[in-house]
1. Using +1 at the Cβ of each Lys and Arg and -1 at the Cβ of each Asp and Glu in region 214-357, identify which of LEU328, LEU318, CYS353 lies farthest towards the dipole's positive end.
2. Provide the solvent-accessible area of LEU395, counting protein heavy atoms only and rolling a 1.4 Å probe, rounded to the nearest 10 Å².
3. What figure, in Å² to the nearest 10, do you get for the accessible area of VAL560 with a 1.4 Å probe and non-protein molecules left out?
4. Given region 241-333 reduced to its alpha-carbon atoms as identical point scatterers, what log10 I(q)/I(0) does the Debye formula return at q = 0.22 Å⁻¹?
5. Taking the Cα centre of the chain as origin and charging only Cβ (+1 Lys, Arg; -1 Asp, Glu), how large is the dipole, in debye to the nearest 20?
6. Got a sec? What order do TYR156, TYR111 fall in by accessible area at 1.4 Å, biggest, i.e. largest, first?
7. Along each of its three principal axes, how wide is the spread of alpha-carbon positions in region 398-467, in whole angstrom units, largest first?
8. Over the chain, with every protein chain in place, what whole percent of the accessible area is carbon and sulfur at 1.4 Å, could you tell me?
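The values are calculated or read from the model by the stated rules, or taken from the named source; none is laboratory data. Keep in mind it's a predicted model, so treat the numbers as computed, not measured. Glycine also receives a Cβ, built like all others from the backbone with ideal geometry; neighbour counts cover every protein chain displayed. Surface areas here come from the heavy atoms of the whole protein model, side chains and all, with no ligands, DNA or RNA. Shrake-Rupley method; radii C 1.70, N 1.55, O 1.52, S 1.80 Å.
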Amino acid sequence: MKKIQKNDMYHTIISIVRTLLIVIAVSMKMTLIPYDEIDNDNTLIRAICTVFLSVNSFGIIPFLAVLFLYKPVRSSFYERHIDNRGVYRIPAILFSAFMIIGYSFQMENSYYLLFGDWDLGQTCKTVIQFVGYYNLFYVVLEHLWNWLHNDTLWRYKETDHKVLKWMFDEHPVKAVFLILFIFWSIYLLAFFPGFIQGDTPDQLEQFMGIKGSTASYLNLLSEDVYLNNHHPVLHTLLLGFCFKIGHVLGSDNLGIFIYVILQYSLVCFAIATGVKYLKKLQLPYWMRMVILAFYMLTPIYVNYAILTTKDVIYSVCLLWFTLYLAELLMKNGEPFYKNMRNALGFAISCFGCVFFRHNGIYILVLTLALIAIIWKKYRKFSAISIVSMVVALMLVNSVIYPALKITGGSRREALSVPLQQTARYISEHGEDLTQEEYEIIDKVIDVEFCKFHYEPAFADPVKATFHEDVTSEDLHAYFVTWFKMFWKHPGCYVQAFVNNTYGYFYYGDEAVWKYDKTESENVQGLINPEGFDIHHISQIHSLSTLIELCIGVYNNLPIVSLFHTSAFYSWILIIITIWMWAKNRKALVLICPMILSLLVCLVSPLNGTSDMRYMFPIVFQMPVMTGIVANIMFMHRNTSEI
C-alpha cells in the first residue's frame, strides 16, 4: 500500500512538472535577452535569469491552463496502458523540433535563437521549450489515438434520413457536385472572371505569339515559335485555347472565365468522386459529412478552383490516381482489371499527372515501383504502366515537341536547392571564395548578384541569374565546387536548406493566403499592356470586398486558421505515416503520392510560408485520403491486399 501511495505521489509531482513545462513552453519568449539586462558575470546565474526573464508573468490564464491540462497529462503518461508509445513519441519529437527551429528561422533566418552565441541561458530556454512542446504534443496525440480507437465511432448503419440517403448513397457524385458548385458559386461570381496566377501572363503570351519572359531567356529552337515547355505545354494550350475563344468573341474576360469554369467544374467533380469512393468503403455518415463540410467551408479549395494554375488540374489527376490505386489494392485487383472504365480512368489520371506537372512522372513511377516490390502479382501491371508513361513522355518531349519547334524547359527548375545554398555561401562567406571557385560559379549564376540579393526563403531571384548557355562540363565543374564548398561551411548549406523549407512544417504567426483580388490585379497589369483586357468587375466590388473581409476573419480565428498553413497538412501526413507504419505498413503505398509530393515541396523555390501552390496536391486529397486511412486503420474490415 505504501509503495502504491509513493508511486501515486511521484506521478502527481511529475505530472505537475510536465504540465508547468507545457505552459512555460507556450508562453516563453525565445528572443535574446540583452546582455546588460542581467548584472552578473556568473554563467549559471545569467542562464537562470535569462530563463526567468523570458517567461511571461504567471497570471490567471496560465494558472487555469495548468488546472485544465493536469488531468490529461497524468492520464496520458501514467494511467493508461500503451503498447506502442512510439506512435506518440516520434511525431511529438518532430513537431517540437519544427516549432523551435521554425521560429528561429522565421525571426533570424538562421538557428541563432536556438543557442545564441553558444549562450547557456539561450540553450536552456531551447531545451525547456522543446521538452514542454514534447509533453503537449504527446498528450494531444495520445488522446487523439484513444478517441479514434472507439469502435462506436466507426460503426456503420444505414440511414433513413432522405436527404442523407440521397446525398451519400443514391446519387453521391451528382449531389456533392451540385452542392459544391452552388455553394461556391458566390465566390465564382464575386471574383469573375477568376484569379490570374503569376505564370498565366507568360503562358498566354506564348499561345498568342508574343515573346514573354521564358521565351526571352530560353534558347529557342525557332525564333518564330515562342511556345515552350517551361510550363507544361498541355496546360498552356488548354488555357490559351479557352482564352482565344473569348478573345475572338471580343471579351478576354470571357476567355479566362471559360477556362475557370471548366477547372471549377472539374474540382467539384473530383471531390464528388472521392466522396463516392468513401461510400464504397462504408465510411460512417458523420465522417463523410465532415469531409464534405471541410471542402465546402475551407476557402483554399474554392480559391484554387478559380485560380489559373496548372497545379489544380494536376492535383485532380493525382487524387484520381490514388483512388484507382486504392480500388486496385483494396478490391484484390480482379474487378479493377475487368472494368474497362477503371482501366481508362487510371490511364487518364496517369497521363494527366505526367503532362500537367513536370515532376508528376517521378511521383507515379516511384509509387508504382513500390507496388511492384511489395506485391508480385502487380508487377506486370506496374511495369506496363511505368513503361507506357515513360515512353509517352519521351516521345512527346524528344520527338513531337522538337518537330514542332517547341523548346524544352530550363535546367534551372531542378536546381533550387544547390543554387540557394551557393547563394547563401556567397552572401555570408564570399571572402572565402577562391578565384577559381568564383569563375566556375559565375559561369552558372551571377556571383555579384548573390552577394547582395540573396533571399533566404525564395530561390527564384537566384535562379533568374542562371545562364542558359552553360555547358554540361561547366555544370559538372560547378557541382564539384559546390560539394567542396560544403566542407568549408557545412552549417551554411544546412541553414540555406532549412530556410527554404521550414514553412512546410512550422506554424507561423499568419495563415498563408496569397491569391486574392489584389494579387490577381497585379498580375493582370503584366498582361494587359500587351493589348489584352482582363479585369475584375467593378459593379460587384462590394461583394468581393465582403468575401475577402470574411476570409480575413477566418484566417485569424483559432484552430480553423491552421487549415490555411502548409504545416497543418504536413503534420497530418506525418501522423498518418507513422501510425500506418505501426499498424499496416503495406497500406503506406496509398499515401506514397502525398509523401513524394511533400519531398517535391522541399526542393521547390518556395518555403511554404507565402504560397501553398506546391503543397496543393497534398491539400486537395488530404480529406478524402483521411477517410480511406480511417477505414484501413480503425474500421477493422477486410481490405484484401492491404
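1. Checked the options; the winner is LEU328.
2. Counting only protein heavy atoms, the figure is 90 Å².
3. 40 Å²
4. -1.10
5. 3900 debye
6. TYR111, TYR156
7. The Cα atoms of region 398-467 stretch 48, 28, 15 Å along the principal axes, largest first.
8. Details: 19020 of 29370 Å².
Summing carbon and sulfur atoms, their accessible area is 65 percent of the total for the chain.
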